[in-house]
Structure formats: structure tokens, C-alpha cells
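Since the structure comes first, as C-alpha cells, the remarks are kept for the end.
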């Protein structure tokens with residue numbers, strides 16, 4: 001998958017992901033040389049604390065999703 | 001009792017062995033999402049036992065403070081070995097408190113002429129941010145894609161920084177005074193006036209605009225100053241050699257910056273093409289698209305720092321936001337084309 005196709009895929013899902021609780025950002029990352037979608041959250045919560053419809057999906061059309069806690073993002 | 005000096009030093013071979021071990025484990029161990037409590041970094045050093053150096057190599061884990069085992073969860077304990085190398089734990093304190101606008105002992109807050117990248121600067125109604133570097137107008141023949149430097153005589157010279165540093169988050173008027181150092185660092189009018197606001201890229205905020213409609217690409221502005229007051233050298237990082245197109249910026253690339261609060265720092269790009277919501281205080285949020293996320297290389301007051309490729313000194317981004325674990329950076333290519341400015345003669 002090229003960077004452009006991945007970005008198109010991410011852009012398509014971004015509005016829905018950003019509407020989830022604690023999600024502050026979405027982008028593309030890499031894990032052991034493999035492209036992944038990165039979802040940035042202000043706080044990681046245990047799955048049990050979230051309703052099924054509030055959970056970040058495990059993948060986007062087959063591309064793995066990684067959730068990363070970044071805290072509160074402020075202009076500096 | 002004096003320590004055994006010989007055992008406080010590593011032989012070249014032990015050093016190399018420890019460096020190899022560090023390279024093998026560091027990325028995993030210091031991955032922001034997996035960082036143990038209090039861990040601030042790691043390095044290579046000598047293992048100490050019972051207050052005595054042993055002369056053996058160790059991976060030294062730097063922590064803000066040491067805690068009793070019972071105060072740490074199992075996942076937060078530092079393992080006795082990482083990879084094949086024994087570990088040691090060294091407390092270094094909080095080097096830079098997260099919420100500090102306050103100047104530490106070593107910050108770039110003094111008055112300097114000519115002003116150079118990395119030093120305190122700011123609109124007369126804000127606290128203080130960082131001067132990225134000095135820039136000039138795009139010259140005739142300059143293009144964005146393919147990127148090319150023009151030819152000719154720059155008519156004007158400017159300080160580059162963020163909109164929220166030089167244009168008070170859209171609330172400034174063109175021609176407003178810019179101080180070096182910024183007000184928070186003791187800058188006053190008229191003694192420290194160095195430039196006047198020339199152009200800024202307006203930021204769309206919520207409120208009033210719902211963030212789903214935001215397409216912010218940069219938080220950037222320029223203020224015109226006099227050539228003899230502006231130097232495009234960046235303190236401790238030297239001269240910018242050119243800029244790196246967005247297409248050449250990769251996840252994992254190593255970067256560096258010099259800023260007013262945390263001085264010279266280096267980090268790594270972790271996420272590209274990021275859409276991210278940034279809090280500007282006062283209940284205002286702006287959503288930015290196509291951002292670079294790096295490991296934490298900044299603290300409040302570093303806004304406006306130029307982010308450079310670690311090798312080659314190419315401008316690749318403009319730092320504007322962050323959290324305790326990540327820093328958010330605009331692509332320099334967007335800053336250049338939206339402000340119509342040039343940073344140096346080369347393209348990387």
C-alpha cells in the first residue's frame with residue numbers, strides 16, 4: 001500500500017475516529033517496517049470502560065490500528 | 001571513602017558492548033506508549049553496587065525519581081536486564097516541568113543582537129515563544145513543486161515563528177511590535193522592539209467554527225526586521241542549509257531543534273499525516289491536518305522553533321504544540337508556500 005492510498009484511507013475514517021471519546025488525533029505510523037494507523041488519545045481507558053460503539057477499531061480495512069496516549073495537546 | 005576511579009570508567013570495548021545493547025533495546029524501552037513510570041531516558045554507563053562502581057558496563061535508565069518497589073506496579077519496574085545487558089537506575093529529577101512558562105536556569109531568554117534562531121521572541125501582548133530563524137520573501141522563479149529556489153535580491157527580511165507567538169492567535173494587527181526577548185522574559189517597548197508583524201496564516205478555531213470543518217495546516221507568522229538585527233543561524237544548530245520537502249519526510253527520521261525553554265533537543269518522527277486537535281487555552285481548540293508528530297522535544301515557550309533534520313540541517317518543520325510525551329510540528333513545505341518565504345538556498 002502506498003503512502004498516498006494509506007492517507008486516503010485514514011482521511012476517510014478520521015472524522016468518525018475523532019468523534020470517539022478521548023481521541024485527539026489520527027495519523028500514519030510504522031511498526032517494524034509495516035504501515036499502521038495511529039490513533040492518538042488523551043487518555044487510554046480499559047476496553048471495559050468503553051461502550052462497544054466508543055472503542056477504537058482494531059483495524060481500518062485490514063490496516064492495523066495502534067492507540068497511543070499523548071495526554072493533552074496544548075499550543076506551546 | 002573515595003571511590004575506585006578506575007572502576008568508574010568503562011573500557012572502550014565495554015563501552016562498545018553497552019552501546020550495542022542500548023541500540024538494540026532503546027527504541028522499544030523508550031517508546032512513548034510503553035514508557036515505565038518516571039523513566040525519562042536511558043544511556044550507557046558503569047554498574048554501581050552498594051555505592052561503589054563495579055567497572056562493568058550497564059544500561060543506565062534515567063528516572064525523574066526513584067521509588068520503592070512497593071510503590072511501583074509490576075509493569076513499571078525496571079528489569080534487572082534489558083536485552084543481554086544489566087541495568088542501573090539513575091535519578092535525574094524533572095529536567096523541565098511540563099507547565100512551566102517559567103525560565104529555568106538555562107534558557108534562551110536574554111536579549112541578543114543580531115537575534116538568532118532558538119531565542120525568546122513574542123508579540124507585545126503574549127508571554128514568549130521562540131524565533132525559528134530569519135527568512136526572506138520567495139524570489140522570482142521560486143517554486144513549490146518541484147521545489148526550487150529563485151534568483152534575485154530579497155526585498156525584506158523577517159523573523160519566522162508561530163501565529164500564536166507573533167500574531168497573538170489571530171488577535172494582532174499588521175505592524176504590531178514584536179519583542180526580543182518576549183514580555184515574559186523581560187522584553188519591553190520600545191527598547192526591545194526587533195520587528196513588526198508582517199503576515200500570518202489565520203487559524204480557524206472552535207468556537208466559533210465547529211472543528212470538523214477545520215483545515216488548519218500551519219500555525220505560522222512572520223515579522224519584518226532589519227537585516228543587521230536578524231541572523232538565520234540557529235543557536236547550537238548552526239546554519240539552515242535548505243528545506244526538506246514533505247515527500248522526503250519519513251516516520252522514524254531523526255530531528256532536532258533549539259528552543260527558548262528546552263534549548264537543543266533531538267527526537268524522532270513517530271506519526272505523519274496526522275489530524276490532531278490542539279488546545280490553545282481559553283477554551284479554544286483548533287484541528288490541524290497533515291501534521292508531524294515527534295517524540296517529546298519541547299515544552300511551553302518552545303513554540304516557533306525550527307525543526308531540522310538531524311543530519312544536513314534541512315528545515316523540515318515548525319514546532320507549535322505538544323504534550324508531555326509528544327511534540328506537534330507543521331511541515332515546513334506548507335509554512336513556506338503559505339507565507340511565501342524562503343529559508344535558505346538549498347532543497348533537500
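Extent along the principal axes, Cα only, for segment B:222-348: 40, 32, 27 Å, with the longest axis given first.
For chain B, what is the calculated [θ] at 222 nm in deg cm²/dmol (nearest 500), taking -39500 (n - 2.57) for each run of four or more DSSP H residues and dividing by its residue count? Estimated from H runs of four or more residues: -2500 deg cm²/dmol. Per-residue shielding of B:117-126, expressed as the average number of other chain Cβ atoms within 10 Å of the residue Cβ, stands at 0. Dividing the alpha-carbon radius of gyration of segment B:93-245 by the rule-of-thumb value 2.2 N^0.38 Å gives 1.11. Would you give the gap between the C-alpha center of segment A:34-75 and the C-alpha center of segment B:126-150, rounded to a whole Å? Distance between centres, Cα-based: 35 Å.
Taking other C-beta atoms within 10 Å as the exposure proxy, B:264, A:1, B:85 rank A:1, B:264, B:85 from fewest upward.
Among bridges DSSP assigns within the protein assembly as shown, what percent are antiparallel (round to 5)? Antiparallel bridges make up about 80 percent of those DSSP assigns within the protein assembly as shown. Let me know the shape class of chain B, please: from the alpha-carbon gyration tensor, a ≥ b ≥ c as square roots of the eigenvalues, rounded when a/c is under 1.5, otherwise prolate if a/b is greater than b/c, or oblate. In terms of gyration-tensor shape, prolate. Judged by the mean number of other Cβ atoms found within 10 Å, the most tightly packed of the peptides B:215-226, B:313-324, B:72-83 leads the ranking B:313-324, B:215-226, B:72-83.
Within 10 Å of the Cβ of each residue in B:266-274, the mean number of Cβ atoms contributed by other protein chains is 6. For segment B:166-262, a/c is not less than 1.5, where a ≥ b ≥ c are the root eigenvalues of the C-alpha gyration tensor, and a/b does not top b/c. That puts it in the oblate class. Distance between the C-alpha centers of segment B:281-295 and segment B:197-275? Whole Å please. After rounding, the separation between the Cα centres reads 12 Å. Beta-bridge orientation, chain B: approximately 85 percent antiparallel, per DSSP, counting only bridges with both partners inside. A compact globular protein would have a Cα radius of gyration near 2.2 N^0.38 Å; the ratio found for the protein assembly as shown is 1.03. Residues A:26, A:56, B:209, ranked from the fewest to the most other C-beta atoms within 10 Å, line up as B:209, A:56, A:26. Protection proxy ranking of B:110-122, A:63-75, by the mean of other Cβ atoms within 10 Å over each peptide's residues and highest first, is B:110-122, A:63-75. When the Cα gyration tensor is reduced to axis lengths a ≥ b ≥ c, the ratio a/c is 1.5 or higher for segment A:35-76, and with a/b not above b/c it is classed as oblate. A full extension of the chain between residue B:19 and residue B:324 corresponds to an added length of 107.1 nm, given 0.36 nm per residue minus the alpha carbon distance.
Of the residues B:228, B:331, the one with the fewest other Cβ atoms within 10 Å heads the list, and the complete ranking is B:228, B:331. Within the P(r) computed for segment B:195-244, what percentage of the Cα pairs occupies the region above 17 Å? For segment B:195-244, the share of Cα pairs beyond 17 Å comes to 61 percent. Taking only the C-alpha atoms of chain A, Rg followed by Dmax gives 12.5, 36 Å.
The numbers here are math on the coordinates, done by the rules we state, and not lab data. Just so we're clear, the structure is a prediction, and the values are computed from it rather than from any experiment. Heads up, the Cβs are rebuilt from the backbone with ideal geometry, glycines too, and the neighbour counts pull from every protein chain shown.
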